Amino acid sequence: MKYPEFFNSVESIKVVDPLSNVLGAFEDGIYEFTFLDAVKSAGHSCPTVAGAYLITLEGLKALYPNSLAVRGEIKVKFKESLEDGVAGVISNVVSQITGATDKSGFKGLAGKFARHSLMDFNADISASVRFTRADSGKSVDVYYDPSSIGGNPKMQQLMQKMMGGMANKEEIKEFGALWQDRVKRIFENKSSVVKVVEL
């Protein structure tokens, strides 16, 4: 399996999952997610998937500054509806890492470990996403704006050729490389594209 090398340099997200521990999947329920995991799940790497990963990474670090994030005990709110723009793509990545779902998630064991109804859309917030700890009620708002990290001007020309069926194999490969270069630069400049506000 070949993929851009920078995937391996992106900081991973370690969590503790009480359900995973009870069911014997991971010792002490501790495991981690990588950006590569998110890319596999989404089927592609783009500024949206990178942003979803980054807002979760930075949001959970602020929400759990002295301990591992507890998967399955994190509430998530989005200002958009599920059907709007890329909200679905972002929510899928966030759900994978936090365990939170709207109505489709795990219903629990004897009243514990439920994952459904932890994710809401159309929330009255200004942030890209709000994370809240179910145990303490502590919340953080996370904003993501990659507009300062532009793509190579040549990408537009190459995309037009591809969409018109005119691009050759080398041009398609070049477009992919330029596309991933922007994603890489988003991660390299995360402090300028992600802002976390503790509430």
Positive-end residue, segment 46-179 charge dipole about Cα centroid, Cβ charges, pick of T101, M163, A177: T101
For segment 50-199, size of Cβ-based charge dipole, Lys and Arg +1, Asp and Glu -1, in debye: 360
For the chain, built as a Gaussian network whose Cα springs stay under 10 Å, the top-fluctuating residue of K173, K14, K138: K173
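Solvent-accessible area per residue for segment 90-171 at a 1.4 Å probe radius, Å²? Working shown, then result.
On the way: 4610 Å² over 82 residues.
Accessible surface, normalised per residue, equals 56 Å².
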Solvent exposure, largest accessible area first (probe 1.4 Å, DNA, RNA and ligands not counted), of V22, V193: V22, V193
Share antiparallel - DSSP beta bridges, the chain, percent rounded to 5: 85
Segment 1-43 and segment 150-199: distance between their alpha carbon centers, rounded to Å: 24
Spatial extent of segment 16-79: Rg and Dmax, with the Cα atoms as the point set, Å: 13.1, 36
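Just from its helices, what would the mean residue ellipticity at 222 nm be for the chain, if runs of 4 or more DSSP H residues each count -39500 (n - 2.57) and the sum is divided by every residue, rounded to the nearest 500 deg cm²/dmol?
-11500 deg cm²/dmol
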Length gained when the stretch A25-A177 is fully extended (0.36 nm per residue, less Cα-Cα span): 51.0 nm
q = 0.08, 0.18 Å⁻¹: log10 I(q)/I(0) that the Debye formula gives for the chain, counting C-alpha atoms only: -0.30, -1.26
Straight-distance crosslink candidates among lysines, where the alpha carbon sits under 17 Å from K79 and sequence neighbours closer than 8 are dropped: K195
The chain: most fluctuating residue of A177, A127, A114 per GNM, C-alpha cutoff 10 Å: A177
Approximate spin-label separation Q160-S12, in nm, with each point projected 7 Å along Cα-to-Cβ: 4.4
Kirkwood hydrodynamic radius of segment 149-199, Cα pairs, Å: 12.5
Percent accessible area from carbon and sulfur atoms, the chain, protein chains only, probe 1.4 Å: 51
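The values are calculated or read from the model by the stated rules, or taken from the named source; none is laboratory data. Just so it is clear, the structure is predicted and the values come from calculations on it, not from any experiment. We place every Cβ from the backbone using ideal geometry, glycine too, and count neighbours over all the protein chains shown. Side chains included, ligands, DNA and RNA excluded: accessible areas come from the protein's heavy atoms. Shrake-Rupley method; radii C 1.70, N 1.55, O 1.52, S 1.80 Å.
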